[in-house]
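Engineer: Below: one structure in structure tokens.
No value in this document is a laboratory result; all are computed from the given coordinates. This one's a predicted model, so the numbers in the text were calculated from it and none came from an experiment. Reconstructed Cβ throughout: ideal geometry from the backbone, glycine too, with neighbour counts over all protein chains shown.
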Amino acid sequence: MRLWLILFCLLGAFTLPLAAQDRLPPAPYAYQQLNDPAKEARAKALMEELRCLVCQGQSIADSDAPLAGDMRHEVRSKIAAGESPDEIKAWLVARYGNWVSYDPPFDGATALLWLGPLLFLAVGGWLAFGRFRRGASDGDDIA
């Protein structure tokens with residue numbers, strides 16, 4: 001009898017997650033705009049600056065991912081409550097990291113991101129200059 005009870009409990013523990021809802025209704029402000037046009041404009045501008053963590057190539061304003069909808073709800077709720085866009089962005093960065101922002105701050109973790117294009121440009125210029133200089137000296141030997 002005791003073995004059956006243990007097996008029943010294990011069976012319940014493994015099958016209970018199958019009954020869980022995987023699709024909750026979207027948050028109220030995920031797809032609904034604020035009534036105040038000025039607040040909605042501030043929210044929309046901020047949502048354009050924030051990256052969807054699921055899609056990664058889209059802003060949360062453009063993404064249809066459920067997480068982006070939750071983030072839009074948070075942004076609109078906080079704007080409606082009177083928080084500034086900078087405070088909301090700081091809260092989201094603290095929660096999700098610098099990746100959520102399309103304009104990450106310059107620090108040790110993002111230095112390569114900011115300096116990488118300049119480094120590649122410098123290396124490309126150095127290689128091109130060397131190639132042109134070598135080509136010019138090769139042309140002098142022929143004449």
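Engineer: Tell me the angle of helix 2-15 to the major Cα principal axis of the chain, expressed in degrees between 0 and 90 and rounded to the nearest ten.
Structural biologist: Orientation of helix 2-15: about 50 degrees from the principal axis.
Engineer: For the chain, set up a GNM with springs between Cα atoms under 10 Å and report which of Pro105, Pro66, Pro85 has the largest fluctuation.
Structural biologist: In the Gaussian network model the winner is Pro105.
Engineer: Another question about this same structure. Once the Cβ-Cβ distance between Ser77 and Trp99 is put in as r, and R0 is 22 Å, what FRET efficiency do you end up with, to the nearest 0.05?
Structural biologist: Efficiency, from the Cβ-Cβ distance: 0.50.
Engineer: Taking 0.36 nm per residue of sequence separation and subtracting the Cα-Cα distance, how much length would be gained by fully extending the chain between Val54 and Leu113, in nm to one decimal? Display every interim value, and only then the final one.
Structural biologist: On the way: separation 59, 0.36 × 59 = 21.24 nm, distance 2.04 nm.
Contour length minus Cα-Cα distance gives 19.2 nm.
Engineer: Identify which of Ala90, Ala111, Ala122 has the largest mean-square fluctuation in a Gaussian network model of the chain, with springs joining Cα atoms closer than 10 Å.
Structural biologist: Between Ala90, Ala111, Ala122, it is Ala122 that shows the largest mean-square fluctuation.
Engineer: How far, in degrees from 0 to 90, does helix 66-80 lean away from the longest principal axis of the Cα atoms of the chain, to the nearest 10?
Structural biologist: Roughly 90 degrees, rounded to the nearest 10.
Engineer: Starting from one equal scatterer on each C-alpha and no solvent at all, send me the Debye-based log10 I(q)/I(0) for the stretch 38-92 at q = 0.13, 0.19 Å⁻¹, two decimals.
Structural biologist: Here the Debye-derived log intensity ratios amount to -0.26, -0.55.
Engineer: Which angle between 0 and 90 degrees, to the nearest 10, do you get for helix 111-142 versus the longest principal axis of the chain when only C-alpha atoms count?
Structural biologist: Orientation of helix 111-142: about 30 degrees from the principal axis.
Engineer: Give the longest segment of the chain that steers clear of chymotrypsin sites (Phe, Trp or Tyr not before Pro) in DSSP loops with at most 16 neighbouring Cβ atoms within 10 Å, not counting the sites themselves. Please list the in-between numbers first.
Structural biologist: On the way: sites that count: Tyr31, Tyr102, Phe106.
With chymotrypsin sites (Phe, Trp or Tyr not before Pro) excluded where exposed in loops, the chain gives 32-101 as its longest stretch.
Engineer: A further question on this structure: Grab the DSSP H runs of the chain that are 4 residues or longer, score each as -39,500 (n - 2.57), total them, divide by all residues and round the 222 nm result to the nearest 500 deg cm²/dmol. Intermediate results must be reported in sequence, preceding the final value.
Structural biologist: Values: 5 runs with 86 residues, N = 143.
For the chain, the value works out to -20000 deg cm²/dmol.
Engineer: Averaged over all directions, how much area does the convex hull of the C-alpha atoms of the chain cover when projected, in nm²?
Structural biologist: Numbers: hull surface 74.7 nm².
Averaged projected area of the chain's Cα convex hull equals 18.7 nm².
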